[in-house]
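Enquirer: My structure is below; once you've seen it, I'll send some questions.
Coordinate-derived values only; no laboratory data. Everything numeric here is computed off the predicted structure, so don't read it as measured data. Here Cβ is always computed from backbone atoms with ideal geometry, including for glycine, and neighbour counts include all displayed protein chains.
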Amino acid sequence: MLVLSRHRDESIMIGDEIVLTIVDIRGDKVRLGIDAPQSIPVHRQEVYEAIQRENDKATEVTPNETKHLT
């Protein structure tokens with residue numbers, strides 16, 4: 001893991017297309033601004049993990065669920 005120090009209004013470049021900007025710092029919370037192409041999904045980790053769980057669930061099919069398809 002790369003660890004960088006930044007002040008408010010300073011940015012970090014990820015590749016050529018993603019800019020991560022420190023918008024605000026209040027106590028132990030940091031607000032980030034993320035500028036990325038629309039083709040790159042950006043989610044909080046807990047949201048991303050929930051999406052992955054739902055996608056995994058959607059691919060699980062039991063024999064009873066497909067009985068009516070024949």
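Enquirer: If a residue has to be hydroxyl-bearing (S, T, Y) and assigned to a helix (DSSP H, G or I) to count, how many in the range 28-49 make the cut?
Expert: Taking the range 28-49 and keeping what is hydroxyl-bearing (S, T, Y), we get 39, 48.
Subsequent filtering for residues that are assigned to a helix (DSSP H, G or I) retains 48.
Within the range 28-49, residues that are hydroxyl-bearing (S, T, Y) and assigned to a helix (DSSP H, G or I) number 1.
Enquirer: Mind telling me which of the residues I18, I22 ends up being touching a Gly at 6+ places or on another chain (Cβ under 9 Å) and either among the small types (G, A, S) or surrounded by 11 or more Cβ atoms within 10 Å (Cβ to Cβ) (or both)? Step through it out loud before you land on a result.
Expert: Working: I18 fails: touching a Gly at 6+ places or on another chain (Cβ under 9 Å).
The unique qualifying residue is I22.
Enquirer: Every residue in the range 15-70 that is under 19 Å from L2 (Cα atoms), touching a residue at least 12 places away in the same chain (Cβ under 8 Å) and under 14 Å from the mean Cα position of the chain (by Cα), please.
Expert: Listed by number, the residues that qualify are I18, L20, L32, G33, I34.
Enquirer: Considering only residues that are polar (S, T, N, Q) and not in a strand (DSSP E or B), which ones fall in the range 1-27? Step through it out loud before you land on a result.
Expert: Looking only at the range 1-27, we keep the residues that are polar (S, T, N, Q), and these are 5, 11, 21.
Selection gives S5 alone.
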